[in-house]
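The structure appears below as structure tokens.
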Amino acid sequence: IQQRAAKEGAEIQWGDEAGLRSDEYGGRGYSMIGHTPEIRPSKGKRERVNYIASMSNQGSVRFMLYVCKFTAEVLLRFLKRLIKSHSGKLFWIADRHPVHRGHRVKKWLEKHSEHIEIFELPSYSPELNPVEYLNGDVKQGVHDKPPTRNLNQLKRRVLSELRKLQKLPARIRSYFQHPSVAYAAL
């Protein structure tokens, strides 16, 4: 992939999808000795915000939030935005999610093969995808605060974390120093 990218003048990026729920909480709790700490769930409806992200080993991050199920329409909307904001060809490396391999997506990729090509990571190997470190940072940043009470608050927190990470290219580049993804440092 690296040799082809150099030959064709393409940029390599890695992609993944993730979701956060309003009832998840990653912070600490305290209680009396001998009692398990409890966090009272929100009285409201359980909400979920999803995002799809793409990042390069140079430290750039692109993302899109959505609240629906991950479908071909969602992926294609993101890929269209991705190639529109990119001047050359893009090699996008992602997991083997069924949506990535669906008929509509393959057909669209054939029509836009001069702009983008998708490569698949091996099955069941999230440790090979550097975007998993981005996902971990986003989840930690969102959930180290008190639980969210509604969808808008959850959206704002996720958006805030992703925008913060966009402004930290050195942090993004540091993901590629982990031994599992050092192959991607190029």
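The values are calculated or read from the model by the stated rules, or taken from the named source; none is laboratory data. No experiment lies behind these values; they were computed from the predicted model shown. Note: ideal-geometry Cβ built from the backbone for every residue, glycine included; neighbour counts use all protein chains shown. Surface accessibility is based on the protein's heavy atoms, side chains included, excluding ligands, DNA and RNA. Shrake-Rupley method; radii C 1.70, N 1.55, O 1.52, S 1.80 Å.
Some points to look at:
- Taking all C-alpha pairs of region 78-164, those more than 23 Å from each other amount to 43 percent.
- Amide H contacts of Ile116 (H built 1.01 Å from N, in plane; Pro and chain starts excluded): Leu90 sit under 5 Å, all sequence-distant by 5 or more or on other chains.
- At a probe radius of 1.4 angstrom, the accessible area of the chain per residue rounds to 59 square angstrom.
- Straight-line cross-link reach from Lys84 at under 13 Å between alpha-carbon atoms covers these aspartates and glutamates, not counting any fewer than eight positions away in the same chain: Glu114.
- Stokes-Einstein diffusion coefficient of the chain, Kirkwood radius over Cα pairs, 10 °C, 1.306 mPa s, in µm²/s: 89
- The chymotrypsin sites (Phe, Trp or Tyr not before Pro) of region 81-186 meeting both criteria, a DSSP state outside H, G, I, E and B (loop) and at most 11 other C-beta atoms within 10 angstrom of the site's C-beta, are Tyr124.
- With R₀ set to 41 Å, the beta-carbon distance separating Leu65 from His35 gives a calculated FRET efficiency near 0.60.
- Among beta bridges that DSSP assigns inside the chain, antiparallel share in %, nearest 5: 60
- Computed [θ] at 222 nm, helices only, for the chain once each DSSP H run of length n ≥ 4 contributes -39500 (n - 2.57): -10500 deg cm²/dmol
- Counting Lys and Arg as +1 and Asp and Glu as -1 over every other residue whose Cβ lies under 11 Å from the Cβ of Tyr124, the net charge comes to -1.
- Here each label is just a point 7 Å from Cα along the line to Cβ, and for Glu11 and Lys111 those points are 2.4 nm apart.
- Counting only Cα atoms, the size of region 50-113 along its three principal axes is 30, 28, 20 Å, in decreasing order.
- For region 108-186, carbon and sulfur atoms together expose 53% of the accessible surface, with a 1.4 angstrom probe and every protein chain in place.
- With a Förster radius of 35 Å applied to the beta-carbon distance between Gln2 and Asp23, the computed FRET efficiency rounds to 0.25.
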